Amino acid sequence: MVVMRRMQAAGIDAFGGDVHVLELPAPGTPAPDEVVVSVHAAGVGNWDEIVRVGDWEVGRRPPLALGVEAAGVVIAAGDDVSSLAPGVMREVCCLGAARVAIVSTDRDWHQDRPRGPS
């Protein structure tokens with residue numbers, strides 16, 4: 001696995017601010033029940049605007065990566081994760097997932113990624 005110290009994400013520095021590229025620390029070693037996914041594609045939805053302007057309390061404060069869904073490849077898995085291994089393609093749902101280079105998230109927020117267009 002290639003260790004990244006920094007990553008880029010589309011997000012905001014303040015609620016109501018413009019969306020721009022953020023430089024953020026990359027996820028470290030995943031917690032026992034987490035996986036780290038290298039994001040290859042992302043979705044955009046109206047909820048991103050609601051979060052951007054501060055009208056949806058998501059439990060995090062800016063600087064904040066936007067997006068809640070992405071698809072990519074598992075690059076690391078926590079010790080308690082036996083069903084996912086590096087190299088497995090996954091779809092991910094979690095705050096900030098959609099516009100980051102890699103994301104760390106609970107294993108329960110993953111599903112198989114279909115092969116080919118869907």
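The values are calculated or read from the model by the stated rules, or taken from the named source; none is laboratory data. Because the structure is predicted, anything quoted here is derived from the model rather than measured. In this analysis, Cβ positions are derived from the backbone assuming ideal geometry, glycine residues included, and neighbour counts consider all displayed protein chains.
Being more than 14 Å from residue 12 (Cβ to Cβ) and modelled with pLDDT under 80 is a property that residue 101 has.
List pairs: first in segment 54-65 and over 15 Å from residue 9 (Cα atoms), second loosely packed, with under 11 Cβ neighbours inside 10 Å and among the small types (Gly, Ala, Ser), Cβ under 9 Å, 6+ apart or cross-chain? Final answer for the pair search is 54/16.
Residues in segment 32-67 that are more than 15 Å from the chain's Cα centre (by Cα) and within 30 Å of residue 87 (Cβ to Cβ) were compared, and the one that is surrounded by the fewest Cβ atoms within 10 Å (Cβ to Cβ) is 32. For segment 46-67, state whether one or more residues are touching a Lys or Arg at 6+ places or on another chain (Cβ under 8 Å), modelled with pLDDT of 80 or more and among the aliphatic types (A, V, I, L, M). So far as segment 46-67 goes, yes, one or more of its residues are touching a Lys or Arg at 6+ places or on another chain (Cβ under 8 Å), modelled with pLDDT of 80 or more and among the aliphatic types (A, V, I, L, M). Within segment 42-82, being more than 23 Å from residue 18 (Cβ to Cβ), of a type in the set (A, V, I, L, M, F, W, C) and part of a strand (DSSP E or B) holds for 71, 73, 74, 75, 76, 77. Within segment 44-67, can you find the residues that are of a type in the set (A, V, I, L, M) and touching an Asp or Glu at 6+ places or on another chain (Cβ under 8 Å)? Matches in segment 44-67: 66 only. Would segment 72-86 turn up any residue that is free of Cβ contacts under 8 Å to residues at least 24 places away in the same chain and either under 24 Å from residue 14 (Cβ atoms) or surrounded by 19 or more Cβ atoms within 10 Å (Cβ to Cβ) (or both)? No, there is no match, as no residue in segment 72-86 is free of Cβ contacts under 8 Å to residues at least 24 places away in the same chain and either under 24 Å from residue 14 (Cβ atoms) or surrounded by 19 or more Cβ atoms within 10 Å (Cβ to Cβ) (or both). Number of residues in segment 1-47 that are farther than 19 Å from residue 88 by Cα, touching a residue at least 24 places away in the same chain (Cβ under 8 Å) and among the acidic types (Asp, Glu): the value is 1.
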